[in-house]
1. Taking the stretch 124-250, how much of its Cα-Cα pair set, in percent, is spaced more than 26 angstrom apart?
2. Could you give the length gained on full extension between N133 and N192, defined as 0.36 nm per residue of separation minus the Cα-Cα distance, in nm?
3. Where does the Debye-calculated log10 I(q)/I(0) of the stretch 78-160 sit at q = 0.24 Å⁻¹, using only Cα point scatterers of equal weight, no solvent?
4. Going 7 Å from the Cα of N310 toward and past its Cβ, which residues in the stretch 135-171 have a backbone nitrogen under 19 Å from where you end up?
5. Per q in 0.17 1/Å, what log10 I(q)/I(0) does a Debye calculation on the alpha-carbon atoms of the stretch 47-310 return?
6. Need one number: nm distance between label points at S246 and T158, each 7 Å from Cα along Cα→Cβ, rounded to one decimal.
7. How much of the DSSP beta bridge set in the stretch 47-310 is antiparallel, as a percent to the nearest 5?
8. Pairs K44/K250; K105/K156; K205/K263; K51/K105: which are spaced more than 28 Å apart, C-alpha to C-alpha?
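Read the figures in this text as sums done on the coordinates, not as results from a lab. This structure is a prediction, so every number in the text was calculated from the model and none was measured. Cβ sites come from the backbone with ideal geometry, for glycine too, and all protein chains shown count toward neighbours.
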Amino acid sequence: MKRIFILLIATLSLIATAQERCGTEAHTLSMIANNPEYAIAKEKVNTQTKKWIENHPNHSEKTIITIPVVVHVVWNTNAENISDAQIESQIDILNADFSRTNIDKINTPSVWQSIAADCDIQFCLAQTSPNGNTTNGITRTQTNETSFSINGNPVKETSSGGIDAWPNDDYLNIWVCDLGGGLLGYATPPSNWIGSNDGVVVGYKYFGNSNHTPYHKGRTATHEVGHWLNLEHIWGDNYCGNDQVSDTPKHEQDNYGCTSFPKSSSCTGTGNNGEMFMNYMDYTNDACMNLFTNGQKTRMLAAINLYRSNMLTNNCEGSVGLNENTNNNKTLVKIVDVLGRITSDKQTNTPLFYIYDDGSVEKKMTVK
């Protein structure tokens, strides 16, 4: 184990400088090097995940998981203090990407349309704070720090100019700040040992809809939340590496910019269709990303059940609204949209979630 730590520390700086789009691998190696408990737990993740998937053959049944989000805006300049509207746009993007209602899903090559996944995961800004008060799910902290490093997670601690997390069993904490070193974002992958600094960090320029092309469509958060739910980079962080997902083709390495389909690969197992460079877990431009696969969905659902199980029962419910009878002896309690807002409008271009008195949830899609 000591030798592993030495090797990790030795490669940490190389990874950090080589990866500008995402710092999750570097951050994970840092946590492994500094926390023996996390190192042990992380080694077991793939085994535990594989076993859970094997033992839950019906994991793909339609049950919507709602994840309450708190966005911590840590700002030094006015530009860094992004608006509520920009934050809300990011929640909309997460919901579209994870439910596969994103407009650009039509750009997914036809050969992969059948495995492109609606992940049955939705996100909403938290409506209740840890002390039980009503909240809009946004905190704002003015800081003297002009930027934040990935090392030591300073943005996640009040004592170092950031702000402490809300309980990570109950919320997805997302910090938005000025990240140093040209980094767009990073996340903490799950395990049976999750510290108090669990969550996602995204540079303020790349959060939600912005004018900072080519990372202006909120896909940095989609990518990092994928890591938070135990997805690895599609190239497995190695040349022709293993991302632990069976329906994603092998990649030689990360892809940047926008490329043309098909993109060939020399990896054994890539297949005739080439690399899936439009997957959210690659490094291509925001406008070129458009899918998660069924295999990635399965891995994310396993992560929630194994390591983030409070998210199975957490929600962003408001007051009870509708009360309609159904023909199967269940009572419709309310209809909510992808942000958890109660609605009576049953004709919409986005999914609606019908919540019944027995706790079941049914997702429906109707088009105006």
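1. Across the stretch 124-250, Cα pairs with separations above 26 Å total 26 percent.
2. 18.3 nm
3. The Debye formula, applied to the Cα set alone, gives -1.17.
4. In the stretch 135-171, the label zone of N310 (backbone N under 19 Å from the point 7 Å along Cα→Cβ) covers 135-139, 156-158, 163-171.
5. Each listed q corresponds, in turn, to -1.40.
6. 4.8 nm
7. Just about 20 percent of them are antiparallel.
8. Check vs 28 Å cut-off fails for K105/K156; K205/K263; K51/K105.
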